[in-house]
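Q: My questions will all concern the structure given below.
The values are calculated or read from the model by the stated rules, or taken from the named source; none is laboratory data. Everything numeric here is computed off the predicted structure, so don't read it as measured data. Positions of Cβ are backbone-derived with ideal geometry, glycine not excepted, and every protein chain shown enters the neighbour counts.
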Amino acid sequence: MTVTNMRQGTCPACGSQEVYCLKAIKRQFMVELGYWGAEDIPSKVLVCVECGRCERYLQLTDKHKKKIRDEAARVQG
């Protein structure tokens, strides 16, 4: 199996299984939600303690997903 992200429990950078999940500190990722300002999006951070690689995963609500789809540019591969 090819490891592509740390959600599989192994670091794709160094191969270590020393991957831990941290709850992100508030105010670290904000999204603008129209006229009334910005809103925190809860997230978790996976960290490899061997090499320091980290990945952040946002816990998006349907409201966040719609806002992103409506206003952000989609990455074309």
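Q: Does E71 meet the test of being modelled with pLDDT of 95 or more and either in contact with a helix residue (DSSP H, G or I) (Cβ under 6 Å, 6 or more places away or on another chain) or of a type in the set (D, E) (or both)? Step through it out loud before you land on a result.
A: On the way: modelled with pLDDT of 95 or more: no; either in contact with a helix residue (DSSP H, G or I) (Cβ under 6 Å, 6 or more places away or on another chain) or of a type in the set (D, E) (or both): yes.
For E71, the condition - modelled with pLDDT of 95 or more and either in contact with a helix residue (DSSP H, G or I) (Cβ under 6 Å, 6 or more places away or on another chain) or of a type in the set (D, E) (or both) - is not met.
Q: Do you know which residues across the range 21-60 are modelled with pLDDT of 90 or more and surrounded by 11 or more Cβ atoms within 10 Å (Cβ to Cβ)?
A: C21, L46, V47, C48, V49, E50, C51, R53, C54, E55
Q: Determine the pairs where a residue that is within 18 Å of D40 (Cα to Cα), located within the range 62-77, has a partner that is of a type outside the set (D, E, K, R) and assigned to a helix (DSSP H, G or I) with Cβ atoms under 8 Å apart, the partner being 6 or more residues away or on another chain.
A: Partner pairs satisfying both residue conditions: K67/G34.
Q: Among the numbered criteria (1) modelled with pLDDT of 80 or more; (2) more than 16 Å from the chain's Cα centre (by Cα), which one does M1 miss?
A: Result: M1 passes all but (1).
Q: Also, quick follow-up: Quick check on my filter: what residues within the range 61-77 are among the charged types (D, E, K, R) and surrounded by 13 or more Cβ atoms within 10 Å (Cβ to Cβ)?
A: K67
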